[in-house]
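J.: Take this structure first; my questions come after.
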Amino acid sequence: MIKVKRAVVTEGKYDKIKLSGLIDGIIIKTDGFGVFKDKEKQSLIKALAQSVGLIVITDSDVAGFKIRNFIKSIAPSGDIINLYIPQISGKEKRKASPSKEGTLGVEGIDEKILLDIFKKSGVDAEISSESPSQRKITKLDFYNMGLTGKENSKALRLRLLDELNLPEYLSANALLEIINTLLSYDEFIKITEKLKS
């Protein structure tokens, strides 16, 4: 398992599942070209690019490069590192036929190759045999702190977004994902309590 400080952006659900078995860190999927119209996901990607930085790892095909270029265009001032998988002929086990270009995507690449790509990239990563001990912030924490489900939740979320210098149109779910990257549980409680007073 590799502990990655940056957020990792990949294309689809199966890519995310594959990377989740190798990476301890936040993984965002673009849903292929779905990110082109998904304003909330674009906001999340921009915010992460400017706060913790991104690692983009997509398929090494035309579609993968279009997605990379789009991410670069929506976060031009963000800290983005591109990792590339080799073009290996074949098809994923779950698919009936190969992709249009006949090469494996992220989900089909051997785990050892993927780990080597991350290790050799020089990104802020460390090999970890343990799972993180830091307590994750949950949806229940958001509710208990008044960020969701209460009369003034939206106003409190807006104050928190402003405090963290994040775009105001992030949803509660997107905010939760970023908070877990930016803050420890104790920092989250401290900042939210301060904003409530």
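The values are calculated or read from the model by the stated rules, or taken from the named source; none is laboratory data. Treat the numbers as computed from the prediction; the structure is a model and nothing was measured. Quick reminder, even Gly has a Cβ in these numbers, built from the backbone with ideal geometry, and neighbours come from all protein chains shown. Note: accessible area is taken over every heavy atom of the protein model, side chains too, but ligands, DNA and RNA are not part of it. Shrake-Rupley method; radii C 1.70, N 1.55, O 1.52, S 1.80 Å.
J.: Could you look through region 6-39, keep only residues that are surrounded by fewer than 15 Cβ atoms within 10 Å (Cβ to Cβ) and touching a Ser or Thr at 6+ places or on another chain (Cβ under 9 Å), and pick out the one that is farthest from I85 (Cα to Cα)?
T.: My answer is D38.
J.: Okay, moving on. Can you find, within region 107-121, the residue that is nearest to the chain's Cα centre (by Cα) among those that are among the hydrophobic types (A, V, I, L, M, F, W, C) and part of a helix (DSSP H, G or I)?
T.: Ranking the candidates gives F118 first.
J.: If you don't mind, another one. Out of all the residues in region 85-102, is one or more modelled with pLDDT of 90 or more and more than 13 Å from the chain's Cα centre (by Cα)?
T.: no
J.: If you don't mind, there's one more thing I want to ask. Can you tell me which of V4, V8 is farther than 27 Å from K95 by Cβ, among the aliphatic types (A, V, I, L, M) and within 14 Å of the chain's Cα centre (by Cα)?
T.: V4
J.: Can you tell me which of (1) open to solvent by less than 50 Å² (accessible area, probe 1.4 Å); (2) assigned to a loop (DSSP other than H, G, I, E, B) is the one L156 doesn't meet?
T.: (2)
J.: Could you say which residue among G105, G53, G64, G78 is within 15 Å of K18 (Cα to Cα), surrounded by 13 or more Cβ atoms within 10 Å (Cβ to Cβ) and either in contact (Cβ under 8 Å) with a residue 40 or more places away in the chain or not charged (D, E, K, R) (or both)?
T.: G105
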